[in-house]
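To start, the structure under review is shown below, and the notes come after it.
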Amino acid sequence: DRDYNSLLFNQATNEYTNNPYESNRFKYTENINSFYASLTNKYFDKKLSVRLGLRMEQTNTKGEQVNNGEINTLHYFNVFPNVRLGYKFSDDKELGLNYSYRLRRPWSSQLNPFVKKSDDYNYSTGNPALEPSYSHSFNLSYSSDFAFFPSLSYTHSYNESETMRVPLDDSWGI
């Protein structure tokens, strides 16, 4: 649960009371069911090592705006492979090649559609329809003499969510 409370001071009663226009309760639940498998083996007189991995996930999310009863849900299934190849030229020289497919889920604050005031000039809100972002990563590495470790990496990401700055207008109701 994330509670955003705004209190108003009532001078007549000398008490603070809840301001319903600036308060919100966001209940977020996330259930992730997953399965992992990995296989490792060595070949060619133990010079070539191979590791194959697989992760499968079923994700179910629910975000509820308690104040107005709005409920948003997402359900998705993903398969994430990863591969590691290594070739050992000698005890102190090795070449490696890695590939992995990953995801990054949005945080609950990124999903909460309530407009939250940080200060007089900054407000923030989330998007309950945000989906996770995904990335394919490749890495080529070399090690020599236990002291020299050059590597080359490339990552391609998609469905990234970014913070957007927009001017406020009357449609925000602020």
Residue, nearest to Phe146 (Cα to Cα), within the range 61-102, restricted to residues that are of a type in the set (A, V, I, L, M) and touching a residue at least 40 places away in the same chain (Cβ under 8 Å): Leu95
Every pair of residues 6+ apart whose Cβ atoms lie under 7 Å, when the first sits in the range 147-162 and is farther than 23 Å from Arg84 by Cα while the second is assigned to a loop (DSSP other than H, G, I, E, B) and of a type in the set (A, V, I, L, M): Ser161/Leu130
Filter result for Val166 (of a type in the set (Val, Ile, Thr) and in contact with a helix residue (DSSP H, G or I) (Cβ under 9 Å, 6 or more places away or on another chain)): no
Of the criteria (1) open to solvent by less than 50 Å² (accessible area, probe 1.4 Å); (2) in contact with a helix residue (DSSP H, G or I) (Cβ under 8 Å, 6 or more places away or on another chain); (3) under 20 Å from Tyr158 (Cβ atoms), which one Asn127 fails: (1)
Evaluation of Ser118 against (1) of a type in the set (Gly, Ala, Ser); (2) modelled with pLDDT under 85; (3) touching a Pro at 6+ places or on another chain (Cβ under 8 Å) (one fails), failing number: (3)
Strands (runs of 3 or more DSSP E) wholly inside the range 7-54 containing at least 3 residues that are modelled with pLDDT of 85 or more and not acidic (Asp, Glu): 24-43
Residue ID - surrounded by the most Cβ atoms within 10 Å (Cβ to Cβ), chosen from residues in the range 43-102 that are of a type in the set (A, V, I, L, M, F, W, C), out of contact with any Ser or Thr (no Cβ under 6 Å at 6 or more places or on another chain) and within 30 Å of Pro128 (Cα to Cα): Phe80
Residue check for Pro113: within 20 Å of the chain's Cα centre (by Cα) and at pLDDT below 90: yes
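The values are calculated or read from the model by the stated rules, or taken from the named source; none is laboratory data. These figures come from a predicted structure and were not determined experimentally. All Cβ positions, glycine included, derive from the backbone under ideal geometry; neighbour counts span all protein chains shown. Remember, those area values only see protein heavy atoms, side chains included, never the ligands or the DNA or RNA. Shrake-Rupley method; radii C 1.70, N 1.55, O 1.52, S 1.80 Å.
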